[in-house]
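The values are calculated or read from the model by the stated rules, or taken from the named source; none is laboratory data. Because the structure is predicted, anything quoted here is derived from the model rather than measured. Here Cβ is always computed from backbone atoms with ideal geometry, including for glycine, and neighbour counts include all displayed protein chains. What goes into the accessible areas is simple: the full protein's heavy atoms, side chains included, and nothing from ligands, DNA or RNA. Shrake-Rupley method; radii C 1.70, N 1.55, O 1.52, S 1.80 Å.
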Amino acid sequence: MSLTSAATLATLDRTGPRRVTDLAAVEGVTQPAMTALVRVLEESGLVERRGDASDKRVTLVYLTKAGASYVRTRRQAGVHAFERLIGELTGDEVEALVAALPALKHLAELESQDREGPNQ
């Protein structure tokens, strides 16, 4: 799976259903490219398109149960990889990581705000 596909699934998991145009903006790709990507993800059973109850003209992309399961599995694999690598660090290096956690959390929040745009 491409990084953009995985990132799109993670965005849907984190933020809920979105328009294709919103997903394209968040992921930094063109709308036609996102439409094609959503089609592939839909054919794979990871997302589905549904009408927006509040605006019948709008179609939203939803994460399916299979898509949510994929995101959870991928995140868990990342957690296990970090656990293994952190286990190889010295005590001083682990302490340095712990001390850096507030700054890293802030960076993640800033990045998330940038990806979602000012109106989210």
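Tabulated results
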item: Å³ per residue enclosed by the Cα convex hull of the chain; result: 118 Å³
item: Solvent accessible area, Å² - R14, 1.4 Å probe, full protein context; result: 110 Å²
item: Cα gyration tensor shape of segment 1-43, rounded if a/c is under 1.5, else prolate or oblate by comparing a/b with b/c; result: rounded
item: Using θ = phi - 60° and Karplus 6.51 cos²θ - 1.76 cosθ + 1.60, couplings along segment 94-105 (whole Hz; Gly, Pro as x); result: 5, 4, 5, 5, 4, 5, 7, 4, x, 5, 5, 4
item: Relative contact order computed over the chain (Cα-Cα under 8 Å; 6+ residues apart), in percent; result: 23 percent
item: Computed over segment 42-109: relative contact order in percent, which uses C-alpha pairs under 8 Å that are six or more apart; result: 20 percent
item: Long-range amide H partners of R18 with built H, under 5 Å; result: V61
item: Dipole magnitude of the chain about its Cα centre (Cβ charges: Lys, Arg +1; Asp, Glu -1), debye to nearest 20; result: 700 debye
item: Modelled FRET efficiency - R0 41 Å, A103 with D55, Cβ distances, 0.05 increments; result: 0.55
item: Volume in Å³ per residue [convex hull over Cα atoms, computed for segment 35-75]; result: 75 Å³
